[in-house]
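> Okay, here's the structure, questions in a sec.
The values are calculated or read from the model by the stated rules, or taken from the named source; none is laboratory data. None of these values were measured; they are calculated from a predicted model. Positions of Cβ are backbone-derived with ideal geometry, glycine not excepted, and every protein chain shown enters the neighbour counts. Note: accessible area is taken over every heavy atom of the protein model, side chains too, but ligands, DNA and RNA are not part of it. Shrake-Rupley method; radii C 1.70, N 1.55, O 1.52, S 1.80 Å.
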Amino acid sequence: MSLLAVEGLGIRFGGLHAVKDVGFSLKAGEIVSVIGPNGAGKTTLFNMISGVYTPGSGRVLLEGEDVTGLDPYLLARRGLSRTFQNLQIFQAMTVLENVMSGFHLRERGPVLADLFALPGSRRRSREAEEGARRLLARVGLERAAEREAGALSYGALKRLEIARALALEPKILLLDEPAAGCNAVETEEIDHLIAEVAAEGTAILLVEHDMKMVMRISNHIVVLDHGEKIAEGDPAAVSRDPRVIEAYLGAQAQESTHAHG
Amino acid sequence: MKLSAKHSTLLLLALIIALAPIFFPSAYYFRIGSVVFVNAVAVVGIVILTGYAGQISLGHAGFSGIGGYACALAPVHLGLHPALAAVLGAVVSGVMAYLVGRPILRLKGYYLAVASLGFGILVSMVLANETAITGGPDGIKVADLGLRTLLADAGVPLTNAQFWYAFSGICLLIGSWLALNLHDSPTGRALRALHGSEIAARTVGVDVARAKVTAFVISAVYASVAGSLIALQNRMITPDVAGYMHSIEMVTMAVLGGAGSVLGAILGATILTLLPQALTVFQQYEQIMLGLVMMLVMIFMREGLLPSLTALVRGRGE
Ligand SMILES: Nc1ncnc2c1ncn2[C@@H]1O[C@H](COP(=O)(O)OP(=O)(O)O)[C@@H](O)[C@H]1O
Ligand SMILES: [Mg+2]
């Protein structure tokens, strides 16, 4: 059975049909990428799956159960976690605290225990801190642990969001342009990290503009254009598909000729 | 041994409270000191609500009213000891905060500010108009806490002003200890997370509506305890304690010192309690002065006094 299944998902913003009748599914350990030009509806699709937007039509199934329109915090409890294209960092907290907050579901306890700093509360905080430090090491941010998150570079914040999302030990991880704004070395590190997390059995849904990365690590690719799924298949098949080349790769090729010319 | 930030903050506070009397020119300053501490207790509650969780209330004086009048009424009508009456007031305030906050805090935006404003006005009107029970606008007498007599019998004779200075100072230390514990606890991280990004907080599993209600209830209990302290110390209470101006004063004190920091909030409470003592103009034009302070802080140091100064000192140091 698939871990995540999306059926006929759609949403309108006023007159704009931002996503239309999109469906696909995701199995444990699989990396599925959603590609398409800017404004194709990729982030909107993520927002519907993760409960940020309530879909106008269609269903989202987690392990066969209908979870359409559930609040993100309830989806988090069912093992769904995500990062954001436009960073959503807790700016005033330290880097370490940002990742510790990803342990919320495991570290939370009675409020009175927290107010009086009872041993149980302190133990839960300590465990979250140990876990968070391990994750920071994994994304290469261990030395920035005590810094205020707002002071980090864009690329570092991208990795911080990944570490926070991993802290939930999700069954399904949604990554919205994790490598945007990162240099070649950082991109390759993120690339390895994603493959590693998938190898541990997490299902990954990825939106990424770096085509080399997408082609290298995806098991399956879904192509969106103007909110509609225009193609899907394995990387080789998708990159040969004429509609895809026209809608997306072609447009990008044109862009890069402009940029260089 | 190196002290944690929490312990050094508490130690600093305890030292200031214990040593300040050495410099008091007259016994009257014990009285001023205790007013500072009582205000600071309420403002530490605002730090939890506004500084940690990012929510704004314009009606917290309503809870001070409940705490204050509980100390006046419960001993007379229920035969409770004044100390237990204060506890009862805190419980009632907490329950009221839950009932008021629960439906509102599910909504986004500034509904809480508006609704709490309404709640505060409602409480102060009831207190002023239900003359038969509350004594109306002139206020009502409050029973003696009795602790000072107990201390005198035990061989620790204190003047009334000295006793309330020490008692409210200890209450402030306890309130600060709890708030600092909360800051670095799982609940505190959830509150600060929703302040930073509500959507990201939900994504990591924080039940945002519930977390906001938690902060609202805790801060209401702080305001209630402050109201009880005012009543017990003055041996009387008037509806002004629940008034709109008192709510605004609390928020201004928190914002002036730095709503995110316990020590900053205490500094804000200290300055805005002492200013009217030092400058009679401040007393005459209190509303204008509070508005002015709020505007200047928002324009020149949005973080508040203490965080801005700390940043300045750090910037120089590097
Ligand atoms: N909250 C919203 N309100 C109105 N329009 C939106 C909203 N979110 C996205 N859109 C629109 O939906 C379309 C798809 O956007 P998006 O999903 O961000 O695209 P992508 O992530 O593929 O670049 C765009 O035209 C965008 O302007
Ligand atoms: Mg996008």
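> Go through the stretch A:80-128 residue by residue and tally those that are of a type in the set (G, A, S), more than 21 Å from A:P178 (Cβ to Cβ) and at pLDDT 95 or above. Even if it seems obvious, please write down each step before you answer.
Within the stretch A:80-128, the subset of a type in the set (G, A, S) is A:81, A:92, A:101-102, A:109, A:113, A:117, A:120-121, A:125, A:128.
Remaining after also requiring more than 21 Å from A:P178 (Cβ to Cβ): A:92, A:109, A:113, A:117, A:120-121, A:125, A:128.
Then keep just the ones that are at pLDDT 95 or above; that gives A:113, A:117, A:120-121, A:125, A:128.
So the answer is 6.
> If a residue counts only when it is more than 14 Å from every other protein chain (Cβ to nearest Cβ), which helices (runs of 4 or more DSSP H) contained entirely in the stretch B:119-236 have at least 1 such residues?
On the way: elements: B:131-134, B:147-153, B:160-183, B:186-196, B:198-203, B:208-234.
Here the list reads B:131-134, B:147-153, B:160-183, B:208-234.
> So, restricting to strands (runs of 3 or more DSSP E) that lie completely within the stretch A:1-113, which ones have at least 1 residues that are of a type in the set (D, E)? If you could, list the steps in order and put the result at the bottom.
Working: elements: A:4-13, A:16-26, A:31-35, A:57-62, A:80-82.
Of the strands (runs of 3 or more DSSP E) lying wholly inside the stretch A:1-113, those with at least 1 residues that are of a type in the set (D, E) span A:4-13, A:16-26.
> Additional query: Output the number of residues of the stretch A:45-70 satisfying the condition of being of a type in the set (G, A, S), more than 14 Å from every other protein chain (Cβ to nearest Cβ) and within 16 Å of ligand 2 (Cβ to nearest atom).
Pass one, the stretch A:45-70, residues of a type in the set (G, A, S): A:50-51, A:56-58, A:64, A:69.
Those left that are additionally more than 14 Å from every other protein chain (Cβ to nearest Cβ): A:56-58, A:64.
So of that shortlist, the ones also within 16 Å of ligand 2 (Cβ to nearest atom) come out as none.
Residues that pass the stated criteria total 0.
> What do you reckon, is A:R134 assigned to a helix (DSSP H, G or I), closer than 24 Å to B:W177 by Cβ, of a type in the set (K, R) and more than 8 Å from chain B (Cβ to nearest Cβ)?
Numbers: assigned to a helix (DSSP H, G or I): yes; closer than 24 Å to B:W177 by Cβ: no; of a type in the set (K, R): yes; more than 8 Å from chain B (Cβ to nearest Cβ): yes.
It is false that A:R134 is assigned to a helix (DSSP H, G or I), closer than 24 Å to B:W177 by Cβ, of a type in the set (K, R) and more than 8 Å from chain B (Cβ to nearest Cβ).
> Just to be sure I understand the filter: pairs with C-beta atoms under 7 Å, separated by 6 or more residues or on different chains, first member in the stretch A:103-118 and more than 7 Å from chain B (Cβ to nearest Cβ), second member open to solvent by 20 Å² or more (accessible area, probe 1.4 Å). Which pairs pass?
These pairs meet every condition: A:A113/A:G120.
> Follow-up question, since we're still on this one. Search the stretch A:5-20 for residues being away from ligand 1 (no atom under 15 Å from the Cβ) and farther than 22 Å from A:A237 by Cβ, and hand back the single one that is farthest from the other protein chains (Cβ to nearest Cβ).
A:G8
> Of the residues A:G56, A:G51, A:G69, which single one is of a type outside the set (V, I, T) and open to solvent by less than 20 Å² (accessible area, probe 1.4 Å)?
After ruling out the rest, the residue left standing is A:G51.
> Spot the failing condition for B:G264; the list is (1) surrounded by fewer than 24 Cβ atoms within 10 Å (Cβ to Cβ); (2) within 14 Å of chain A (Cβ to nearest Cβ), and only one is missed.
(1)
> What's the total number of residues in the stretch A:21-43 that are within 11 Å of ligand 1 (Cβ to nearest atom), more than 14 Å from chain B (Cβ to nearest Cβ) and not aliphatic (A, V, I, L, M)?
Residues that pass the stated criteria total 6.
> Next question. Return the residues of the stretch A:139-156 that are assigned to a helix (DSSP H, G or I) and in contact with a helix residue (DSSP H, G or I) (Cβ under 7 Å, 6 or more places away or on another chain); say none if nothing qualifies. Walk me through how you get there before you give the answer.
Here is the first cut: in the stretch A:139-156, the ones assigned to a helix (DSSP H, G or I) are A:142-144, A:149-151, A:154-156.
Those that are assigned to a helix (DSSP H, G or I) and in contact with a helix residue (DSSP H, G or I) (Cβ under 7 Å, 6 or more places away or on another chain): A:E142, A:A144, A:A149, A:G155, A:A156.
> Let me ask you something else. Within the stretch A:194-221, restricting attention to residues that are part of a strand (DSSP E or B) and within 14 Å of ligand 2 (Cβ to nearest atom), which residue is farthest from A:A167 (Cα to Cα)? Break it down stepwise before answering.
Going residue by residue through the stretch A:194-221, those that are part of a strand (DSSP E or B) are A:203-207, A:220-221.
Right, trim to within 14 Å of ligand 2 (Cβ to nearest atom) and you get A:205-207.
On the way: A:L205: 17, A:L206: 18, A:V207: 20 Å.
For the stretch A:194-221, the residue satisfying everything is A:V207.
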